[in-house]
1. With the checklist (1) touching a strand residue (DSSP E or B) at 6+ places or on another chain (Cβ under 8 Å); (2) without any contact (Cβ under 8 Å) to a residue 60 or more places away in the chain; (3) at negative phi in hand, flag the one item residue 107 doesn't pass.
2. (1) at pLDDT 95 or above; (2) part of a loop (DSSP other than H, G, I, E, B): which one isn't true of residue 103, the others all being true?
3. Kindly check whether there is at least one residue in the stretch 68-78 that is part of a loop (DSSP other than H, G, I, E, B) and exposed (fewer than 14 other Cβ atoms within 10 Å of the Cβ).
4. Looking at 39, 58, can you tell me which residue is closer than 27 Å to residue 108 by Cα, at pLDDT below 95, within 16 Å of the chain's Cα centre (by Cα) and part of a helix (DSSP H, G or I)?
5. Out of the stretch 187-209, which residues are touching a strand residue (DSSP E or B) at 6+ places or on another chain (Cβ under 6 Å) and crowded, with 18+ Cβ neighbours inside 10 Å?
6. Taking the residues in the stretch 22-36 that are modelled with pLDDT of 90 or more and assigned to a loop (DSSP other than H, G, I, E, B) as candidates, determine which candidate is farthest from residue 84 (Cα to Cα).
7. So is residue 5 more than 21 Å from residue 129 (Cα to Cα), outside any loop (DSSP other than H, G, I, E, B) and more than 17 Å from the chain's Cα centre (by Cα) or not?
8. So, restricting to helices (runs of 4 or more DSSP H) that lie completely within the stretch 133-209, which ones have at least 1 residues that are more than 19 Å from residue 37 (Cα to Cα) and more than 21 Å from the chain's Cα centre (by Cα)?
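The values are calculated or read from the model by the stated rules, or taken from the named source; none is laboratory data. Because the structure is a prediction, the values reported are computed rather than measured. Cβ placement follows ideal geometry from the backbone for every residue including glycine, while neighbour counts extend to all protein chains displayed.
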């Protein structure tokens, strides 16, 4: 599966919606011209299978001994990849559980494992980095965070660099914008607006206040 194939799949499955003139509102209050819900991909068996294979091929390159998924959206992809590679699987919450055993990493302990952490979507990167740190606290070596899609925001790139963990993605914002443009879903002005949003999300958001 090429990045363009996944970008096309995201659009066809309705997992990504683009509305640069009538933006969505994120939980943070920021306005965004793009909304991504990769859970929609689970309902398309052929596309799901292709994504699983692409994730597994990429993860195998790191020679992991454990596959972990971020809670909750990374869990099904991690389970599929772990099954494909014949490896144990765990999942990680952004924060420790506030009852019971108070665990943040569920399933096998990360101690002594070489881990690829599967994420469905990278926005600012904050929740993924918290999961990386939780695995490291269990003495795991986190080889890579592997995501289906990333917005490619500068803030996220800086977060992964600061955490000293590689980030791999199957498709990027650029791949999606190029596919949407080629399909006539966005005109040149819309594409320019998307680029401006990614460069400075806060400044772009203020236009719609």
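1. In the conditions (1) touching a strand residue (DSSP E or B) at 6+ places or on another chain (Cβ under 8 Å); (2) without any contact (Cβ under 8 Å) to a residue 60 or more places away in the chain; (3) at negative phi, residue 107 misses (3) alone.
2. (1)
3. Yes, the stretch 68-78 has at least one match.
4. The match here is 39.
5. Listed by number, the list holds a single entry, 205.
6. 22
7. When the stated conditions are applied, residue 5 does not pass them.
8. Once the helices (runs of 4 or more DSSP H) in the stretch 133-209 are filtered for at least 1 residues that are more than 19 Å from residue 37 (Cα to Cα) and more than 21 Å from the chain's Cα centre (by Cα), what remains is 173-182, 188-199, 201-206.
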